[in-house]
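Take a look at the structure below.
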Amino acid sequence: MTTSIRKATPADEDTILNLIRELFEPPGGFPAGFTDQRGREGIRYAIENPNSDILLAVEGDTGVGIASVYRDYLSIRDGWRTWLQDLVVTSNQRSSGVGSKLLSAAADWARERGCTHLDLASGLGRKDAHRFYEREDMQRASYVFRLQLD
């Protein structure tokens with residue numbers, strides 16, 4: 001079956017939330033303070049905001065992956081940035097090319113909005129994801145540090 005990528009709509013909310021939950025499985029973890037309500041608010045924000053989207057990979061009528069993208073700031077040094085917050089492919093579709101299609105679609109989305117670069121963070125334990133990003137010609141550019149506020 002052929003995988004296509006499209007912008008998510010509010011009708012895709014349950015599918016997106018189920019895919020997000022796959023990020024909580026090892027080697028990931030359950031984020032502090034996460035609730036379905038918080039997840040749904042984030043999904044609605046990303047879909048409704050003019051500077052963000054959720055790109056949904058579908059096979060037939062089934063959602064098999066997402067990439068949430070945000071044109072978030074104009075850097076003094078680097079120009080406009082797209083932040084790729086969530087890239088997830090359902091477990092039975094990994095290593096099938098879906099992730100590559102989503103990453104390519106995210107890069108196209110960023111270019112269409114005048115961005116000069118696309119950044120993401122990946123958990124330290126996600127070795128398979130790191131190999132994937134490097135295969136896709138992404139460069140390790142920095143560390144990301146977090147201060148949890150709630």
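No lab work stands behind these numbers, since they all come straight from the coordinates. Quick caveat, the model's predicted, so the values are computed rather than measured. We place every Cβ from the backbone using ideal geometry, glycine too, and count neighbours over all the protein chains shown.
Can you tell me how many residues in the range 5-27 are among the small types (Gly, Ala, Ser) and surrounded by 12 or more Cβ atoms within 10 Å (Cβ to Cβ)?
1
Output the number of residues of the range 92-111 satisfying the condition of being farther than 19 Å from Leu19 by Cα and of a type in the set (D, E, K, R).
2
So if I check each of Pro10, Pro50, which one is without any contact (Cβ under 8 Å) to a residue 40 or more places away in the chain, farther than 25 Å from Glu136 by Cα and touching a helix residue (DSSP H, G or I) at 6+ places or on another chain (Cβ under 8 Å)?
Step by step, each of Pro10, Pro50 is checked, and only Pro10 is without any contact (Cβ under 8 Å) to a residue 40 or more places away in the chain, farther than 25 Å from Glu136 by Cα and touching a helix residue (DSSP H, G or I) at 6+ places or on another chain (Cβ under 8 Å).
Mind listing just one residue for me: the one in the range 37-62 that is assigned to a helix (DSSP H, G or I) and exposed (fewer than 11 other Cβ atoms within 10 Å of the Cβ) and, of those, nearest to the chain's Cα centre (by Cα)?
Restricting to residues being assigned to a helix (DSSP H, G or I) and exposed (fewer than 11 other Cβ atoms within 10 Å of the Cβ), the top hit is Glu48.
For the range 121-145: of the residues being among the acidic types (Asp, Glu) and assigned to a loop (DSSP other than H, G, I, E, B), which is surrounded by the fewest Cβ atoms within 10 Å (Cβ to Cβ)?
The qualifying residue surrounded by the fewest Cβ atoms within 10 Å (Cβ to Cβ) is Asp137.
Please work out which residue is farthest from Glu134 (Cα to Cα), limiting yourself to the range 92-120 and to residues that are in a helix (DSSP H, G or I) and of a type in the set (S, T, N, Q).
The extreme case among them is Asn92.
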